[in-house]
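Worksheet: the structure to be examined is printed underneath.
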Amino acid sequence: MGKARAPTPEPENDENHPEPPLTPPAPDTIGGHLMISGSVLWAIPFSSLENDVDQTDFMSAGPGFGLEAAYGVSRSVALGLWGQALLLDESDDCSTCSTRSLALGAFVRYHLVQGVRFDPWMSAGLGYRTTTIDPGQTGVDEITYSGIEWVRLSVGGDWYAFKNFGFGPYFELDMGRYISRSPGELGGSANHWHFITGARVTFDAPGR
């Protein structure tokens, strides 16, 4: 008698072995990363310093500088601090005026994609701002306004041409209300706005 044939093994049940994903997850390029950004910018002020006093009575668009430091708390979200210095030009109504504005605050930033060299993002934050107007006239004191930046909205994108450095444009809209004026008293609080556009360079550690 010949040998008995071995039984044909039954096919494995595919239900117990889920199919691997068609596209593997993108690497996490935000979580645990420290990101420090410096920027040059152009700011356009509008709306009011206080009731019945427009910003454009004393100042016009001018250059500035920005600085941000953020830490990635997940693969899409980073928390950080921001600072800003504006050097605004004179206005048509005050040709001798010069204005400097300093702001500092916190933000949360959301990164839209992962695993590619271009990193688009959007952020929201708030802060505190002081704006000092120098009339540029002998015997006339500087005027300083101080208050809360209630809204700071930004969108932009960084192109990581190198492992640790990204470059890109951004756009920003800030809104706040001054709550004090020195010397003198505030003649009623009102909203002030700045539209800002600029370019920035970002250092990322440990890199993309």
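What tally of residues in the stretch 36-69 results from selecting those that are hydrophobic (A, V, I, L, M, F, W, C), open to solvent by less than 50 Å² (accessible area, probe 1.4 Å) and within 15 Å of Glu172 (Cβ to Cβ)?
Number of matching residues: 3.
Mind counting the residues in the stretch 122-142 that are acidic (Asp, Glu) and either closer than 30 Å to Ile30 by Cα or assigned to a strand (DSSP E or B) (or both)?
1
In this structure, is Asn191 of a type in the set (S, T, N, Q) and farther than 23 Å from Ala103 by Cα?
no
Which condition breaks for Gly136 when tested against (1) under 21 Å from Thr56 (Cα atoms); (2) modelled with pLDDT of 95 or more?
(2)
Test each condition in (1) under 14 Å from the mean Cα position of the chain (by Cα); (2) open to solvent by 20 Å² or more (accessible area, probe 1.4 Å); (3) farther than 14 Å from His192 by Cα for Leu173 and report the one that comes out false.
For Leu173, the exception is condition (3).
Give the residues of the stretch 115-165 that are among the charged types (D, E, K, R), surrounded by 14 or more Cβ atoms within 10 Å (Cβ to Cβ) and more than 19 Å from the chain's Cα centre (by Cα), sorted by residue number.
Those that are among the charged types (D, E, K, R), surrounded by 14 or more Cβ atoms within 10 Å (Cβ to Cβ) and more than 19 Å from the chain's Cα centre (by Cα): Asp134, Glu142.
The values are calculated or read from the model by the stated rules, or taken from the named source; none is laboratory data. Every value quoted in this text rests on a predicted model; they were computed, and no experiment measured them. Heads up, the Cβs are rebuilt from the backbone with ideal geometry, glycines too, and the neighbour counts pull from every protein chain shown. Please note that ligands, DNA and RNA were not included when accessible areas were found on the heavy atoms of the full protein model with its side chains. Shrake-Rupley method; radii C 1.70, N 1.55, O 1.52, S 1.80 Å.
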